[in-house]
Structure formats: C-alpha cells, structure tokens
Amino acid sequence: MNLRGVAAIYRFEMARWRRTLWQSLVAPVITTALYFLVFGSAIGSRMSDMAGIDYGSFIVPGLILLSVLTQSISNASFGIYFPKFTGTIYEILSAPLSPFETVSAYVGAAATKSVILALVTLLTATLFVDVEVQHPALMLLFLVLIALGFCLLGFFIGLLANNFEQLQFVPLLVVTPLTFLGGVFYSVSALAEPWRTVTLVNPIIYLVSGYRWTFYGVADVPLGASILGMMLTILVPLAAITWIFRTGYKLKN
C-alpha cells in the first residue's frame, strides 16, 4: 500500500479544511448552538421528558448527527469534485495509487473532519444541557461508522456531479429533511399511527436511534436494526464507488 501517497492527499485535504475553518467548523457549531438555545432551553423547558430524558438532553445526539451527516457529504463531495473541476483528477488517476488508496485518503480526511465537528458540537452541548454518555467507546465507534458511510456517499456524489450546485442537492434537499423527520427532535413512540409506521421507513431514524442509545440507553428501534442501517450506509456507496472506478463512468470521460 502506498502510504506516502495516501498521507499526501490526506494532509492536503486537512490543510484545505484548516484554511476554511470558519465555514467547515465554526459555522456548523454556531448553528447547532442556536438549536440548543431554541429547542433545548427555550422550548425544551416547556416540554415534558422524552423517553424519561430531559428534552434538551434528548435532542443532543440527533443534533450532532444533523451536522455530521450534512458536513460529511459536503466535505467528501467537494474534495473529489474540485480535482475534476480543475482537471487535476487525471494526475491523481495516473499516480501510483490504487482506487482503494485514493478513496481511503479522501474519505479518511472527510471522516476526520466530521468526527472533530461532532466532538466539538458535543462539548458545545454540555454548555447548555446535561449530557450523559453511557457507552463512550460505542458512541465513538457509531460516530466513526456513520461519518464514514456518509463520507462515502459524498464521495460518490462528487464523482457524479457536473457542477457545484449538484453537490448541494442531496445534503440540503434530501439528507437534511430526512434528518429532521428522523427522530432528532422527538421519539417515535410519541407519534400516533400511521405516522409512527411511516417514520420507520426513513433510514435516518435507525442511525439517530442507535447513536442516541450510546448516550442514554434508550432507542426507538432495535439496536440490531441500527447496526444493519450503519453497515448499509457504508456498503451501498462503497459498491457504487467501486463500480465507477471499474468502469470510469463520470471519471475518465
């Protein structure tokens, strides 16, 4: 494995992230802090507990994922699309790097950014509400797997995109609405039928539920279903990326 080549791309992506730190880290944290102020403090003080948990604390895992999912897709998609836009993608393809090494470098850098964002957001949440993490090791593992899956999805989107507008379509018009409807601000058990059943069709509910379980030990769906959902978020885009590198579709032509 060409570790030097992987490290070069990884360092380049992290350096680009540091140059745009306000947009990549500070802005999402400020936005999430506003959610805590509005929903956690202002509205949360007037709402009853959710699944026996204070409402402000209940929404913390969901708000963390709300930032992580959108930023994972944006970071990974822009990271690979920009070389396509400038034409330097051909230098990467001709370099002594396998497709696995190329994907590992770009997705690894994007996932690192997402995990840092999540941890900073978690620290920010402790300033507003009481946060308990019952399973810290599993919390980190779930976070890394979820970030990895959506970074792979973002990488796939970056390979397919023809312009910068298409990079924002999925995170803004698909992922964000699904996340809001995926149990970030409520428990599925609080919904009446048929909405409770309809919500279970949303794949984001399985990620949010599993991640919330690592905090408070409560979940809206079985933990096994959440683990299966996380595995699918990794395997499906990975299979699509593998197909693109094998065929060269939207990559070499």
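The values are calculated or read from the model by the stated rules, or taken from the named source; none is laboratory data. This is a predicted model, so every value here is computed, not measured. All Cβ positions, glycine included, derive from the backbone under ideal geometry; neighbour counts span all protein chains shown.
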**OP:** From (1) surrounded by fewer than 16 Cβ atoms within 10 Å (Cβ to Cβ); (2) at pLDDT 90 or above, pick out the condition that doesn't hold for Val198.
**Re:** (2)
**OP:** Determine which member of the set Leu97, Leu159, Leu127 is in a helix (DSSP H, G or I) and surrounded by fewer than 23 Cβ atoms within 10 Å (Cβ to Cβ).
**Re:** Leu159
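Can you tell me which residue among Phe142, Phe180 is within 18 Å of the chain's Cα centre (by Cα) and buried (at least 21 other Cβ atoms within 10 Å of the Cβ)? Don't jump to the end; show me each part of the working.
Numbers: Phe180 fails: buried (at least 21 other Cβ atoms within 10 Å of the Cβ).
Just one listed residue meets the conditions, Phe142.
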Subject >> Those residues of segment 161-207 which are of a type in the set (A, V, I, L, M) and closer than 21 Å to Cys151 by Cβ, in sequence order >> reply: Ala161, Leu167, Val170, Leu172, Leu173, Val174, Val175, Leu178, Val184, Ile204, Ile205, Leu207
**OP:** Could you tell me which of the residues Leu145, Leu119, Leu93, Leu69 is under 30 Å from Leu3 (Cβ atoms), out of contact with any His (no Cβ under 7 Å at 6 or more places or on another chain) and without any contact (Cβ under 8 Å) to a residue 40 or more places away in the chain?
**Re:** Leu119
Subject >> Matching residues in segment 48-94 - criterion: being under 21 Å from Cys151 (Cβ atoms) and not in a helix (DSSP H, G or I) >> reply: Thr88
Original post:
Is there any pair with a first residue in segment 19-33 that is under 21 Å from Gly62 (Cα atoms) and a second that is of a type in the set (Phe, Trp, Tyr) whose Cβ atoms are under 6 Å apart and which are 6 or more apart or on different chains, and what are they?
Top reply: Ser24/Trp17
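Out of the residues in segment 1-45 that are part of a helix (DSSP H, G or I) and among the hydroxyl-bearing types (Ser, Thr, Tyr), state the one that is modelled with the lowest pLDDT.
Start the filter on segment 1-45 by keeping residues that are part of a helix (DSSP H, G or I), which leaves 3-19, 21-45.
Now restrict to residues that are among the hydroxyl-bearing types (Ser, Thr, Tyr): 10, 24, 31-32, 35, 41, 45.
Values: Tyr10: 95, Ser24: 74, Thr31: 82, Thr32: 79, Tyr35: 80, Ser41: 64, Ser45: 61.
Among residues in segment 1-45 that are part of a helix (DSSP H, G or I) and among the hydroxyl-bearing types (Ser, Thr, Tyr), the one modelled with the lowest pLDDT is Ser45.
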**OP:** Within segment 199-223, track down each residue that is part of a loop (DSSP other than H, G, I, E, B), more than 13 Å from Gly62 (Cα to Cα) and without any contact (Cβ under 8 Å) to a residue 60 or more places away in the chain.
**Re:** Leu200, Val201, Asn202, Pro203, Val221, Pro222
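Within segment 77-101, how many residues are of a type in the set (Ser, Thr, Tyr) and within 20 Å of the chain's Cα centre (by Cα)?
Going through segment 77-101, the residues of a type in the set (Ser, Thr, Tyr) turn out to be 77, 81, 86, 88, 90, 94, 98.
Retained after the next criterion (residues that are within 20 Å of the chain's Cα centre (by Cα)): 77, 81.
Residues in segment 77-101 being of a type in the set (Ser, Thr, Tyr) and within 20 Å of the chain's Cα centre (by Cα): 2 in total.
Please verify whether Ala192 is over 19 Å from Phe156 (Cβ atoms), without any contact (Cβ under 8 Å) to a residue 12 or more places away in the chain and buried (at least 18 other Cβ atoms within 10 Å of the Cβ), treating the condition exactly as stated.
Values: over 19 Å from Phe156 (Cβ atoms): yes; without any contact (Cβ under 8 Å) to a residue 12 or more places away in the chain: yes; buried (at least 18 other Cβ atoms within 10 Å of the Cβ): no.
It is false that Ala192 is over 19 Å from Phe156 (Cβ atoms), without any contact (Cβ under 8 Å) to a residue 12 or more places away in the chain and buried (at least 18 other Cβ atoms within 10 Å of the Cβ).
Given the criteria in contact (Cβ under 8 Å) with a residue 24 or more places away in the chain and of a type in the set (Ser, Thr, Tyr), does Thr126 qualify? Before you say what the answer is, go through the steps one by one.
Working: in contact (Cβ under 8 Å) with a residue 24 or more places away in the chain: no; of a type in the set (Ser, Thr, Tyr): yes.
Spelling it out, it is not the case that Thr126 is in contact (Cβ under 8 Å) with a residue 24 or more places away in the chain and of a type in the set (Ser, Thr, Tyr).
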